[in-house]
1. Tally the residues that are part of a strand (DSSP E or B), touching a helix residue (DSSP H, G or I) at 6+ places or on another chain (Cβ under 9 Å) and closer than 21 Å to F79 by Cα, restricting the search to the range 283-325.
2. Name, by its number, the condition in (1) among the β-branched types (V, I, T); (2) open to solvent by less than 10 Å² (accessible area, probe 1.4 Å); (3) not in a loop (DSSP other than H, G, I, E, B) that does not hold for V166.
3. Quick one: is V260 in contact (Cβ under 8 Å) with a residue 60 or more places away in the chain and of a type outside the set (D, E, K, R)?
4. Can you tell me which condition P192 does not meet? The list is (1) modelled with pLDDT of 95 or more; (2) over 16 Å from the mean Cα position of the chain (by Cα); (3) surrounded by fewer than 17 Cβ atoms within 10 Å (Cβ to Cβ), and all the others hold.
5. Inspect all residues belonging to the range 253-260 and state whether any of them is within 20 Å of F72 (Cα to Cα), surrounded by 20 or more Cβ atoms within 10 Å (Cβ to Cβ) and small (G, A, S).
6. For residues that are touching a Ser or Thr at 6+ places or on another chain (Cβ under 6 Å) and open to solvent by 70 Å² or more (accessible area, probe 1.4 Å), scanning just the range 279-306, find the one that is farthest from D251 (Cα to Cα).
Amino acid sequence: MISCQRNSALGVKPLVSARIAGFTLLELLVCIAMISLLIALLLPAIQSARENGRRVQCRNNLRQIATGLQNFHSIYNQFPGNGWGYSWIAEPQRGAGSSQPGGWIFQVLPQLDHANVWQLTTSQSAAENKHVSQDLCSLPITLFKCPSRPCDQIGFMLKSISYRNVDTPELGARTDYAINEGDFITDTPAGPISLIEGDQPNFPWHDVSRASGISWLRKGARLSDIIDGSSNTYLVGEKYVSTGGYQTAVDAGYDQPMYVGVDLDVSRWTLDVPIQDQELQSVRSFGSAHANACFMALCDGSVQGVSYRIDSVIHQRFGNRFDGR
C-alpha cells in the first residue's frame, strides 16, 4: 500500500494491460465474402436498369425517326424512296425524290433536324461533289444507333463494292434501323452507271411493282396505298446484325454507309421473324441486340415491341401494306 502511494507520488503510472482493436484474418475473409455476395446480388439489377434505359432510348430513336418520316409524307405526299441501288451514295445537292441516288435515311434528314447535311455542297463541280459525298459516308448520326448494340456506329466497310459516285471508304457510319420493304424481295441491282444515265427518262429501271412495303427503288408508298391501315403496317424497325459483324465487315447487312441506296443495310423484309443478335447470318431480317423483343415503328407513328416468338405469318402480314389481311 505504501509502495503504491509512493509511486503515485513520484508521478510514475501504474502498468495497465492494453489491447489493440482490429480484425482477425477470419473476420476479414468473412467481410470480403459478404461484400462479394452483395456485389453479385446488385450487379444484375444494375445491368438490368442500364438495359432498360437503353431500351427506352432505342424506342425514342424509332419514335423520332417515324415522326420524321410522317413529316416527310406531309411535305411530299409519300414516304421517301430508297435511292438508285447499292452502288450509289447520296448526292447532297439532289435533295429528295426519284433523282436522289441515296436512300431513305439521307432523304428524311431535314425532317430529323439534320438539314445541315443537305447544305454540305457549295459547288456544282463533279470533283467537289464527289469529295462531299465521300466525307458523307463517315458522318455518324447518333439517332440511328441502338445503344444496346455493343459496337461503334463507325465501322469497317466492304471494300469489294465499287460505288458509282465515290471511292469506297475504309470506314463508314452504319445504321441500326431499316425501312420496311415488305414481304416480297425485289432483288434490286446496283443501279445505273452514271448520273447522266440515271437521269435519262427512258432508262430501264428494275421492275419493283410487287414491292409490298413502304420504301423501295426510287419511290415510297403513300398513306392511301396502305390498305391494311397505318396501325397494322410496319414502317421502320431495328435490324438484325450478326455478332461477327460488330467489329468487321463480314455481315452483308452491316458493311455499307447508311447513306447508300437500296441495300441490305437500309432495308429489311418480313419473310422471316425478327431475331436477337447472334453468330448466324440473316441479312434480310429485322432484329435487335435486346433480349426477348425488337422495336418496330408502325405507319401511324406508334412504336411496339415485337417478340422474337411472334407467329411468322402475322409478322409477314404486318410487313405487307395491301394484302388485305
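The values are calculated or read from the model by the stated rules, or taken from the named source; none is laboratory data. Just so it is clear, the structure is predicted and the values come from calculations on it, not from any experiment. Cβ coordinates were reconstructed from backbone atoms using ideal geometry, including for glycine residues, and neighbour counts include every protein chain displayed. When the accessible area is computed, the model is the full protein with side chains, heavy atoms only, and any ligands, DNA or RNA have been set aside. Shrake-Rupley method; radii C 1.70, N 1.55, O 1.52, S 1.80 Å.
1. Residues in the range 283-325 being part of a strand (DSSP E or B), touching a helix residue (DSSP H, G or I) at 6+ places or on another chain (Cβ under 9 Å) and closer than 21 Å to F79 by Cα: 6 in total.
2. With respect to (1) among the β-branched types (V, I, T); (2) open to solvent by less than 10 Å² (accessible area, probe 1.4 Å); (3) not in a loop (DSSP other than H, G, I, E, B), V166 is out only on (3).
3. Numbers: in contact (Cβ under 8 Å) with a residue 60 or more places away in the chain: yes; of a type outside the set (D, E, K, R): yes.
Judged against the criteria, V260 is a match.
4. (3)
5. Filtering the range 253-260 for residues within 20 Å of F72 (Cα to Cα) gives 258-260.
Adding the requirement that they be surrounded by 20 or more Cβ atoms within 10 Å (Cβ to Cβ) leaves 258-260.
Narrowing further to those that are small (G, A, S): none.
There is no residue in the range 253-260 that is within 20 Å of F72 (Cα to Cα), surrounded by 20 or more Cβ atoms within 10 Å (Cβ to Cβ) and small (G, A, S).
6. Ranking the candidates gives E279 first.
Matching residues to (1) assigned to a helix (DSSP H, G or I); (2) open to solvent by less than 10 Å² (accessible area, probe 1.4 Å); (3) among the hydrophobic types (A, V, I, L, M, F, W, C); (4) modelled with pLDDT of 85 or more:
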| residue | (1), (2), (3), (4) |
| --- | --- |
| G83 | no, yes, no, yes |
| S99 | no, no, no, yes |
| I105 | yes, yes, yes, yes |
| Q124 | no, no, no, no |
| A127 | yes, no, yes, no |
| Q134 | yes, no, no, no |
| P147 | no, no, no, yes |
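Residue-by-condition table, conditions (1) in a loop (DSSP other than H, G, I, E, B); (2) over 23 Å from S288 (Cβ atoms); (3) open to solvent by less than 10 Å² (accessible area, probe 1.4 Å); (4) β-branched (V, I, T):
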position	(1), (2), (3), (4)
E197	no, yes, no, no
Q200	yes, yes, no, no
P204	yes, yes, no, no
D207	yes, yes, no, no
E238	no, no, yes, no
D251	yes, no, yes, no
